[in-house]
Amino acid sequence: MPSGVNGVPTILAVDDSTVMQEMVKRALGSEYRVLVADNAVDALALIYHEQIAVLLLDVSMPGVDGLELCRTVRSLPQFHALPIIMLTARDGVFDKVQGRLAGATEYLTKPFDSEQLRQVVRNFFSPNPSAAEV
């Protein structure tokens with residue numbers, strides 16, 4: 001798992017809503033370095049230039065939506081194991097299936113509880129000696 005700057009993992013939140021970006025920053029900013037992007041192009045640039053530990057994606061965005069961005073990231077071999085959490089208002093069973101098929105690791109619905117988001121993100125950092133980086 002990439003450790004980011006000064007050993008602090010970097011989370012990238014991709015959402016076209018500045019309100020949601022701020023909510024994610026508030027929920028995770030005390031434990032992680034949180035970067036935000038409001039579109040797929042900026043998000044891909046950040047993924048390539050930063051050591052992203054977890055990617056949070058909104059499904060509904062103008063242009064390239066979160067599902068398409070998720071599929072794009074999953075198609076790149078170096079990001080195959082990157083944890084991707086869909087963070088969206090779409091809460092139907094079909095939406096969740098679409099998220100999983102696109103390659104999402106987790107699926108959270110908005111409005112989200114800050115503690116719930118922290119717990120889901122923490123799950124990707126739990127110490128596991130058998131999962132040492134290769």
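The values are calculated or read from the model by the stated rules, or taken from the named source; none is laboratory data. Predicted, not measured: the structure shown is a model, and the values here were computed from it. Positions of Cβ are backbone-derived with ideal geometry, glycine not excepted, and every protein chain shown enters the neighbour counts. To get the accessible areas, we keep the full protein, side chains included, count just its heavy atoms, and leave off ligands, DNA and RNA. Shrake-Rupley method; radii C 1.70, N 1.55, O 1.52, S 1.80 Å.
Considering each residue of segment 60-71, count those that are open to solvent by less than 50 Å² (accessible area, probe 1.4 Å) and part of a helix (DSSP H, G or I), and give that number.
4
Taking the stated definitions as given, is ARG74 over 15 Å from ASP15 (Cβ atoms), surrounded by fewer than 22 Cβ atoms within 10 Å (Cβ to Cβ) and of a type in the set (Lys, Arg)?
Yes.
Under 7 Å between Cβ atoms, which residue pairs at least 6 apart in sequence (or on different chains) link something in segment 82-103 that is in a loop (DSSP other than H, G, I, E, B) with a partner that is modelled with pLDDT of 90 or more and open to solvent by 40 Å² or more (accessible area, probe 1.4 Å)?
From segment 82-103, the pairs are PRO83/THR105; PRO83/PHE124; GLY103/ARG71; GLY103/ARG74.
Give me the pairs, please: first residue somewhere in segment 23-48 and touching a residue at least 24 places away in the same chain (Cβ under 8 Å), second residue anywhere and among the acidic types (Asp, Glu), beta-carbon distance under 7 Å, and either six or more positions apart or on two chains.
LEU35/GLU50; ASP38/ASP15; ASP38/ASP16; ASN39/ASP16
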